[in-house]
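Structure record follows, encoded as C-alpha cells.
What follows draws every value from the coordinates through simple rules; no lab data is involved. This is a predicted model, so every value here is computed, not measured. Note: ideal-geometry Cβ built from the backbone for every residue, glycine included; neighbour counts use all protein chains shown.
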Amino acid sequence: MDRPLPTLSDVAQRAGVSYATADRVVNARGGVAEKSASRVRAAIEELGYVRNLAAANLSQQRHYRFVAVLPGGDNAFFKRMRALLEEASDRLRTDRVTLTIDTVEAFDAPALCARLQALGTEGVDGLALVGSDDARVLSAIADLRARGIPVLALVSDVPGADRNGYVGIDNSVAGRTAGRLVVLAHGGRAGRVLPVVGALSARDHADRLAGFGAVVRPQLDLAPVIEGRDRKGRVAKRVAAALQADPGITAIYSAGAGNAGLIKVLESLPRDRPRPIVVLHELVPHSRRALERGLIDIVIDQRPEDAVARVVEGLRLLADKRELARTDPILPTIYLADNLPASDTSQKGETSP
C-alpha cells in the first residue's frame, strides 16, 4: 500500500517548529531565524516533501500576469497564433492568469525595444516575444531579466540574449528539410531556386535560408534572395519580376510570409508550361487552398498550437522559479495535398491576407 505524501505539518513536526514557521520557509517569505530555517530545509530533504504550488498560489491569492509580444500586420501565421493565444487567455482566467497579447510592427527593432522597456515597469510576471538579434533588443531583454522577469523567445530565437528559453522549431533544420525536399523533387537534374524571406535580419528566416542553402548546393543554384517584408503585395511584385527575368528558375522556397502574393503570381503563370516546384511555411487558409489546387507542393508547418501550450506552461513554471519542463525544439509537420488534416484547424481566427 502506498504511503501518503508528506505534508507541511509533517515537515513542521520533524523540524520541531510551528506550522507557520515551516510555511514561511517553504514559501520564502523570510522572517525566520537561520537555525530554524535550516531545520525546516533538512526536514524537507529527509521527508521528500514537495511543495504544492497550486495550493500555495491559491492560498496567497497569487495572480499571474503574462504578456506575449508578436509582430502585427497581415502575416497570416501570426494572426493564427494571436487567435490561439486569445483562446488560451480565455481559458486561463479561471486559473487566476491574465495573458495579454501585444503587437509591434514586424521587423521594427526600435518599436520592439520600446515595448519591452515599458513592460519592464508594468509588473508582469513573464513574457514571450518573437525575437530580434538587434543589440537594442538584446539589451532590453537583459534589463527584463535583471528585474527578475522571465523571458521566452518564441518562433525566432535570440541565442545571444539572456532569455530563459526558446519555444519553436529548429529553423535551421526546417530549412535543411525544405532543401532536401527540393533536391529530391529535381530528381538529380540541375536547377535554380528562388529564395523568398521576410527579412534577412529576422533570425528565423536567416536560419531557414542558411540550412536550405547548405543542402541544395552544389546541385542547385540559388537566385538572388527576395526580401518581401512579409507583405503580399511586395512579394507578388518581386517574385513576378524575378520569374520574368529568369526563365531558368525551377523552384521557389519561401521561408517567410506574404505567401498570398506568391500564390497570386503562381495562379497567373501560363498553364502550358511546367510551374516551379514550390515549398513554403505555415498551413494557413491561402496555403491550404493552394495545396488543394496544385499551385504549390509542400507546406512546412511549425504547429503553433504546441508553441502556445509550451509558452503558457513555461511562463508559469518560470514565474514559480522552477525549471522548464520541455526545452527540445517542436517538430514541424510536413503537409502535401494528400495528407491535409480533415478538419481545417488552420482556419481558426483567420482571414486570408
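Structure summary
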{"item": "Electrostatic dipole magnitude of the stretch 8-51 [Cβ: Lys, Arg +1; Asp, Glu -1; Cα centre; debye, to 20]", "result": "120 debye"}
{"item": "Global form of the stretch 171-301, assessed from the alpha-carbon gyration tensor, a/c cut-off 1.5", "result": "rounded"}
{"item": "Residue of ALA174, ALA15, ALA199 that the Gaussian network model of the chain assigns the largest fluctuation, springs spanning Cα pairs under 10 Å", "result": "ALA15"}
{"item": "In the chain, lysine pairs closer than 21 Å at Cα, eight or more apart or cross-chain", "result": "6"}
{"item": "For the stretch 279-342: rounded, prolate or oblate by the Cα gyration tensor [a/c cutoff 1.5]", "result": "prolate"}
{"item": "Cα centroid separation, the stretch 88-104 to the stretch 204-251 (Å)", "result": "38 Å"}
{"item": "Longest DSSP-loop-exposure-free segment, GluC sites (Glu not before Pro), the chain, at most 13 other Cβ within 10 Å", "result": "123-322"}
{"item": "Distance in nm between pseudo-label sites at ARG62 and LYS35 (7 Å out along the Cβ direction from Cα)", "result": "3.1 nm"}
{"item": "Förster radius 41 Å - calculated FRET efficiency between GLU45 and ALA210 (Cβ-Cβ, nearest 0.05)", "result": "0.30"}
{"item": "Footprinting exposure proxy for THR177, THR94 (fewest neighbouring C-beta atoms within 10 Å first)", "result": "THR94, THR177"}
{"item": "Within a Gaussian network of the chain (alpha carbon springs, distance under 10 Å), most fluctuating of ARG62, ARG234, ARG273", "result": "ARG273"}
{"item": "In nm, spacing of pseudo-spin labels at ALA111 and THR7 (7 Å Cα→C-beta vector)", "result": "5.5 nm"}
{"item": "Neighbour-limited loop hits for trypsin sites (Lys or Arg not before Pro), the stretch 79-147 (at most 14 other Cβ within 10 Å; DSSP other than H, G, I, E, B)", "result": "ARG96, ARG147"}
{"item": "Identified option (computed Cα extents along the principal axes in Å; candidates (1) 66, 50, 43; (2) 102, 44, 30; (3) 87, 50, 37)", "result": "(3)"}
{"item": "Candidates SER254, SER132, SER18: whichever shows maximal mean-square fluctuation once the chain is modelled as a Gaussian network with Cα springs under 10 Å", "result": "SER18"}
{"item": "Net lengthening on full extension, GLU122/ASN339 (0.36 nm per residue, minus Cα-Cα)", "result": "73.6 nm"}
{"item": "Per-residue Cβ neighbour rank within 10 angstrom, fewest leading, HIS186, HIS281, HIS63", "result": "HIS63, HIS186, HIS281"}
